[in-house]
Structure formats: C-alpha cells, structure tokens
1. For segment 239-256, give me each residue that is aliphatic (A, V, I, L, M), buried (at least 20 other Cβ atoms within 10 Å of the Cβ) and assigned to a loop (DSSP other than H, G, I, E, B).
2. Determine, yes or no, whether Ile53 is of a type in the set (Val, Ile, Thr) and surrounded by fewer than 19 Cβ atoms within 10 Å (Cβ to Cβ).
3. Starting from segment 216-245, take each residue that is free of Cβ contacts under 8 Å to residues at least 12 places away in the same chain and over 18 Å from Ala330 (Cβ atoms) and list its partners that are surrounded by 15 or more Cβ atoms within 10 Å (Cβ to Cβ) and among the small types (Gly, Ala, Ser), counting only C-beta distances under 8 angstrom and pairs at least six apart or across chains.
4. Which of the residues that make up segment 77-109 are among the charged types (D, E, K, R) and in a loop (DSSP other than H, G, I, E, B)?
5. Got a sec? Which helices (runs of 4 or more DSSP H) wholly within segment 260-351 have at least 3 residues that are under 30 Å from Leu13 (Cβ atoms) and under 18 Å from the mean Cα position of the chain (by Cα)?
6. For segment 61-79, check the following and say yes or no: at least one residue is within 23 Å of the chain's Cα centre (by Cα), in contact (Cβ under 8 Å) with a residue 40 or more places away in the chain, within 21 Å of Ile227 (Cα to Cα) and surrounded by fewer than 19 Cβ atoms within 10 Å (Cβ to Cβ).
7. In segment 115-124, is there at least one residue being acidic (Asp, Glu), in a strand (DSSP E or B), farther than 22 Å from Val309 by Cβ and within 18 Å of the chain's Cα centre (by Cα)?
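Since every read-out is calculated from the coordinates, none of them should be taken as a lab result. As the structure is a prediction and not an experimental result, all values here were calculated from the model. For neighbour counting, all protein chains shown are included, and Cβ atoms are generated from backbone atoms with ideal geometry for every residue, glycine included.
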Amino acid sequence: MSSKEPSPTDVQLIEQLASAVDRIKEQLSQVIVGQGEVVDQLLISLFSRGHCILEGVPGLAKTLLISTLARSLNLSFSRIQFTPDLMPADITGTDIIEENRSTGQREMRFLEGPLFSHIILADEINRTPPKTQAALLEAMQERQVTVGRMRHQLTDPFFVLATQNPIEQEGTYQLPEAQQDRFMFKVLVSYPSFDDEFEIARRTTSTPVDNVTPVVAPEEILALQRIVREVPVSDHVIRYTLSLVRQTRVGEEGVPESVASQLAWGAGPRAVQYLIVGAKARALMQRRTHVTIEDIQALALPVLRHRIVVNFAAESEGISSDDIIGQLLALTPTQEDELANDARFKAIFAS
C-alpha cells in the first residue's frame, strides 16, 4: 500500500475492511446502546490478532457485547465462567479412555475443552487460580494447548475477551504481569450517558427485538488481518512510538523525573508492537492508507494502562496509570524536527 496514491487494489482492500466494520456495528447496534469507543477498540484488537480485557462494574453489558459480537461474526463462541475451583483441564480439554465397540479395545481420545472456539469469553478472569490462568496464557500466546505430552492447535481466528470486576476483590487472584502483557488492550467500560441509559431502559423493559445475523465469515476475518499488516508506517511514527514507550522505563535514559518518581515498572517491547499494529487497523477502519501520530495517541491508553505499574507513593496520591500516560503524551513532541532535536529524546535514541 502506498501512503500517497493508493492503487485501485488498495482502495478495494480498504473498503473491504471498512465495510466489514460497518456491517458488524450495524448488527451490534440492535442489542448494544452506545459504547462506541469500546466497540472500536474491540474491532481494532480483532483485526490486529490481539486479545482484550474489559474492566467495568457489573451491569454494563460486557458479556452481552462479547456474545453479540461473536454472533455477528459467524464464529464459534465459548463462555467460560472463571471460578476458584476451575482446573486447567476444564478449559483445555482432557484425554479420555473410549472403548471401540467393534473391536472391544480401549483407546485414548482427546476431548476438546471450551478453548477450542474462535471467540472465548473469559468471564471474571481474575477469579481463577494461577494454574488455570497459566493454561489460558499458553493458549493466548501460542494458540495451542498442551495436554500430557501432546500439543493441540487451536482454531484460527482465535480471540480471547476477558472481563474483570474492579470493585469486588474478595476471592480474586491478581493477574500476573506476564499474562496482562498478552492482552493487546485493557478497555475500561464506563457508565452510559443519560440518553444512552434512557434508551437502554426503554429497550430492556419492552418486548425484545433481536435480529442479529452473521455478516462476516472466518475466512474474511483472516484475510482482513493480513491486510492490516500491509499498511505502511513511516520511520517518524515508529520513532514517536518508541519514544513514548521508552519513557515509561524507570532507570533508562531520557525518562522524565516526574514520571520516574511515580512509576515502579514500565512497558516492554510488546507495547510498541501493539501500538503500531493497532494503529494500522485504526487507519484502515477510517479508510486511510497510512498511520498517523494521532492513531498512536488514540491507542496509548488501552495499550499502556495495564503495562505500567504505578508505585505506592503515586498510588497513595490517587495518581493512576492513565494520568501518567496523559503526562507522557503531553511531554512527547509530535513534529519530527522537534523530536529529533530535543536533548532528552536524543538520549533515548542513543540508549
């Protein structure tokens, strides 16, 4: 794809993805009211081959949104309710002994678990113990599960959407940083606006009308995921992305003192990768053939908020990871010459 004069083929590919997005949103709007930014981030993650974790208080239709998305995509869907007694075999599957009625011999057969679906809703993921979380981690990263000595490949596309409740902490297990890092986005689901909640109240207290139909096939999703990777990114946008992420790494060159005093840990290289790939998907969804700085800035919060750790002093003052990301966006020049000539960023480029 060219960032100047898109060819007829490029225009066709862009229109193909944008059309798919419009069709999906049209189906979602039959059930889901508002939450436009959340829907956009879910679709960006889907077309980028990423996973999402949604955080919000109960009753904000997180589960309904995910199940409706699966129905509109014509993909197989599994909902796993994570509980403290959930074991790895409950989600990966297990080997069973089965008798062959024609020969009378007993044979081992693998019985697939709920992970063998295209879309996985991991409901209240932080309520299950580390052993089961580790099994999910392998599936998310390697797109396979290991049972005994055998590896079993998962379906493609494979998309994990997890939910967690930020207010009920009794009986929960902290997600390891390694697992949080596998989620492309952490999406915060907020309360609806007055008008949206008015429409929710009207819809949900009358006879429901639900005509959600599949509009995108698995093969089309895989093709669109390949298209996203072909979007060009300028060196300046890559340099800006690296500058933004590397400023979170306490102890490295060029980190602002105000940020260094508030952070215990920063984001790794996966943050850079997800910012760039996500920006490519966002550009195509807006019918553009190239990535801009604005695309990176728009995705900074969902990509970085779960990858940086606020220290105790900052947390005690009510400073969140989102606050620090906002500081970094304000401190990072967007113009190429300003970024290249700034002494602090020269130190970052040389490190």
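1. Val255
2. Against the criterion (of a type in the set (Val, Ile, Thr) and surrounded by fewer than 19 Cβ atoms within 10 Å (Cβ to Cβ)), Ile53 does not qualify.
3. none
4. Asp85, Arg101 - these are the residues of segment 77-109 that are among the charged types (D, E, K, R) and in a loop (DSSP other than H, G, I, E, B).
5. 269-285, 293-304
6. Within segment 61-79 (the criterion being within 23 Å of the chain's Cα centre (by Cα), in contact (Cβ under 8 Å) with a residue 40 or more places away in the chain, within 21 Å of Ile227 (Cα to Cα) and surrounded by fewer than 19 Cβ atoms within 10 Å (Cβ to Cβ)), the answer is yes, since at least one residue qualifies.
7. Yes, the conditions are met somewhere in segment 115-124.
Listed here are the residues, each with its yes/no results for (1) touching a residue at least 24 places away in the same chain (Cβ under 8 Å); (2) within 22 Å of Met184 (Cα to Cα).
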{"position": "Ser261", "(1), (2)": "yes, no"}
{"position": "Glu294", "(1), (2)": "no, yes"}
{"position": "Ala298", "(1), (2)": "no, yes"}
{"position": "Pro302", "(1), (2)": "yes, yes"}
{"position": "Val310", "(1), (2)": "yes, yes"}
{"position": "Glu338", "(1), (2)": "no, no"}
